[in-house]
Amino acid sequence: MNRKRWMRWAVGTPLVVLGLLVGLWQLSKSWSFQLLGELYVRVETPEKVVALTFDDGPKPGQTEAILDILKRHGVKASFFMVGKNIERHRELAARVLAEGHQVGNHSYSHHRLIFKTPSYVQEEIDKTDALLRGLGVEGEILFRAPNGKKLVVLPWLLSRSGRKHITFDVVPRDDAEQDVGLLTSRVMETVRPGSIILFHDGGEDKPGTIQAVDIVIGKLREQGYRFVTVSELLKLGGIASASGATTASRVPPAE
């Protein structure tokens, strides 16, 4: 190899590798595209209907407050629970189910399921499935990746077992922000018929989330919206899935 060709290789190869790594990282963060399987971002429907979803729980104090708000408004929501939190707070998880809300799988440990072996990812899914079945969850269990992140292994495993991966198109970012006005405006500016709205009932205390959820439900009701679980939403019409997803959120995806 002559000097000129060697220099091209020495400069070009790291740039190609860097480009691939950047591309993989961007792909892992996309909540509206995955390589394999069924990814559901929202539903295409003319009906004014949305699904409220809550991640990372159950958490004492936070989850109860959300449940009380939902009960007062007569709203059913979908809770994507972390397996280790179900183990710690089984009675609280059971309350969510008993009050008629949908409960989904958000992995066991909430570790990002990228750059992990298939056996590790499968165990994260299976352990939480078992806990959910132990609570009394019947039928299909929907899945949502921790932080919304996935590359190849997770979509492949979900596809192989026919599992639906649920993400979102309205992201107020209450994982990073607790200003009630900002959270509320982010939802109201981006919501549309068929939206899946992402809030959190786990993690750090979220007093702003609790207030924002109450306000958002009231405002959406005033605009004629009704609230359903994710499974109910998916039955309503055309699905905006991975191959044709369009998202309205103007804020960054959940990290």
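The values are calculated or read from the model by the stated rules, or taken from the named source; none is laboratory data. Model, not experiment: these values are computed from the prediction. Cβ sites come from the backbone with ideal geometry, for glycine too, and all protein chains shown count toward neighbours. These area figures cover heavy atoms from the full protein model, side chains too; ligands, DNA and RNA do not enter into them. Shrake-Rupley method; radii C 1.70, N 1.55, O 1.52, S 1.80 Å.
Miscellaneous remarks
- Options Ile196, Ile239; residue that is at pLDDT below 95, surrounded by 19 or more Cβ atoms within 10 Å (Cβ to Cβ) and hydrophobic (A, V, I, L, M, F, W, C): Ile239
- Filtering region 102-138 to residues that are within 16 Å of Pro58 (Cβ to Cβ) and hydrophobic (A, V, I, L, M, F, W, C) leaves Val103, Leu131, Leu132, Leu135, Val137.
- Only one of the listed residues (Leu157, Leu142, Leu67) is closer than 20 Å to Asp205 by Cα, aliphatic (A, V, I, L, M) and surrounded by 17 or more Cβ atoms within 10 Å (Cβ to Cβ). That residue is Leu67.
- When Leu151 is tested against (1) open to solvent by less than 50 Å² (accessible area, probe 1.4 Å); (2) within 23 Å of Ile197 (Cβ to Cβ); (3) touching a Ser or Thr at 6+ places or on another chain (Cβ under 6 Å), just one condition goes unmet, and that condition is (2).
- Selection status of Val171, at pLDDT 95 or above, out of contact with any helix residue (DSSP H, G or I) (no Cβ under 6 Å at 6 or more places or on another chain) and within 14 Å of Phe54 (Cβ to Cβ): yes
- Filter pass, Arg226 being modelled with pLDDT of 95 or more, of a type in the set (D, E, K, R), in contact with a strand residue (DSSP E or B) (Cβ under 7 Å, 6 or more places away or on another chain) and open to solvent by 20 Å² or more (accessible area, probe 1.4 Å): yes
- Criterion violated by Leu183 - all others in (1) crowded, with 17+ Cβ neighbours inside 10 Å; (2) within 18 Å of the chain's Cα centre (by Cα); (3) under 22 Å from Tyr108 (Cα atoms) satisfied: (3)
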